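Before any comments, here is the structure.
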Amino acid sequence: MNSMRILDTSEIQPSEIDGLGHMNVRFYMERAQRANRVLTTELGLRGGGAANDIRLSQVDTYCRYHREQFQGSTLTVNGGVLEIRDDEISAFYEVANPAKGQIAATFIIVNALTDRATGASSPLPEAARAAAIGMRIDLPEYGRPRTIELSAPRVDLAYEVVAGRLADDPTEPMSRRSEWTVTPELCDANGFLADSGALMFGGPRQPSANDMRKHGPMTFGDEGRRLGWASLETRMVRVSPARAGDTLCSIGAEIGLHPKVRHSRRWLFNRTSGHLVSLNDNVSIALDLDARRSIEIPSRIRSQLETRHVPEFA
C-alpha cells in the first residue's frame, strides 16, 4: 500500500470561526471536499478527463470529528484511495494540524459516476481504475466509525410513514420540518440537484459564515448552565436524484438515545416523485460550554427528545 499525500493546505481564517470560538464543522467538510476534488481530478474523473455526458457525485460522506481547531492554525488534508468498485471509488481524508500533531477530523467519501441525462450509474474508465490502484492506502484505525455504521442504510421508509409518526417541531433544529422547491440555481446543467449544502442541511439555504460567527451552533440553558451539542460523527447518503421543480421535504428525528449522546437522522423526501433523496445522520454529545466537558443529557431535554425517538426507523 501507498502512503497518504498532502492534497490541501490552508490557514483557519477569522470568517471560519463560529460563536463558540472554534472553527465550525462546515469548514472541516469544505477542506475534505477540496482534497477530494484534487484527487478525483488527478484520476481523470473531472473536467477534461471525464466524458461530457458523465457526472461525478459524492454519494456517501462519513465524517468523524476528533479535535476542535482555532483561528490562525494551518491545517493539511492528507488522503488516498481506499476501494475501487465498478462505478465507485471510496477515498479517505484526514484533516490534520501538523504543528500540534493533531488529527482534527477524518472522512470517508464515496464518489460515483452517473449519466448526466438519466442519473443512471456509469462504469469507471479503465484509466481511472489503473491510476486509483497507484493511490491505494489502508484505512487507519482512528478513521474507522465509532457509532455510525457504514453498511447500506435503510431506504424503504415512505414519506407518509415518517410524516405520520413525526409531527413538526419548529423549536428543535434537528427535527424541524422543511418543505421547498428545487430551483434551477441549485442544479447542474442537466437540471439535477447538485452536491450542495441543500443535501446536508435539508433545505435550500445553509447558514452563512456571518450567521455562524454571530450565533454558532444552537445553545440552551439548564439550571444556570450554558449547554450545546458537539458533533462526533456525521454521514450523508445520497439515495436518488432530484430535479428542478421537484418539491422536497425534510423531516428529522432521533434513532438512538444514550446517556450523553443523541443519534439524529434527517430524511429528505421528494414529494413529486415519491422517492427518498438522501439521509443525513448526526451523532452528537451534550456539552457544558463553560466547563468544556461532556455531560449527561438533562432530563428536561431528554424527555423532549424521547417524543421523537424512533429506533424502529433506524
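Read the figures in this text as sums done on the coordinates, not as results from a lab. Small disclaimer: the values here were computed from a predicted structure and weren't measured. When we count neighbours, we look across all protein chains shown, and the Cβ atoms used for this are built from the backbone with ideal geometry, even at glycine.
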Discussion item. If you restrict to DSSP beta bridges whose two residues both lie in the stretch 74-156, what percentage is antiparallel, to the nearest 5?
Written reply: 95 percent
Response to the item:
GNM on the chain, Cα springs under 10 Å; top mean-square fluctuation among Ser151, Ser250, Ser240 goes to Ser151
Fill in: Whole-number Å³ per residue for the convex hull built on Cα positions in the stretch 1-75
143 Å³
Response to the item:
Kirkwood Rh over alpha-carbon pairs of the stretch 1-131 plugged into Stokes-Einstein at 10 °C, 1.306 mPa s gives a D in µm²/s of 102 µm²/s
Worksheet item: Hey, got the dipole for the stretch 90-167? About the Cα centre, +1 on K and R Cβ, -1 on D and E Cβ, debye to the nearest 20?
Response: 180 debye
Worksheet item: Roughly how many nanometres apart are two label points built 7 Å out from the Cα toward the Cβ at Ala120 and Arg46?
Response: 2.7 nm
Practice prompt. Calculate the spin-label point distance for Arg144 paired with Arg225, positioning each point 7 Å from the Cα along the beta-carbon direction, and give it in nanometres.
Written response: 3.2 nm
Discussion item. Let's test the formula: R0 of 35 Å, r as the Cβ-Cβ distance of Ile295 and Phe70. What FRET efficiency results, to the nearest 0.05?
Written reply: 0.95
Discussion item. Can I get the semi-axes of the chain's equivalent ellipsoid? Compute them from the C-alpha gyration tensor as square roots of 5 times the eigenvalues, in angstrom, largest first.
Written reply: 31, 26, 17
Worksheet, complete the sentence: Scoring only Lys, Arg, Asp and Glu (+1, +1, -1, -1) among other residues with Cβ under 9 Å from the Cβ of Ser121 yields -4
Worksheet entry | Angstrom value of the Kirkwood radius, inverse mean 1/r, which spans all Cα pairs in the stretch 83-185 | 18.2 Å
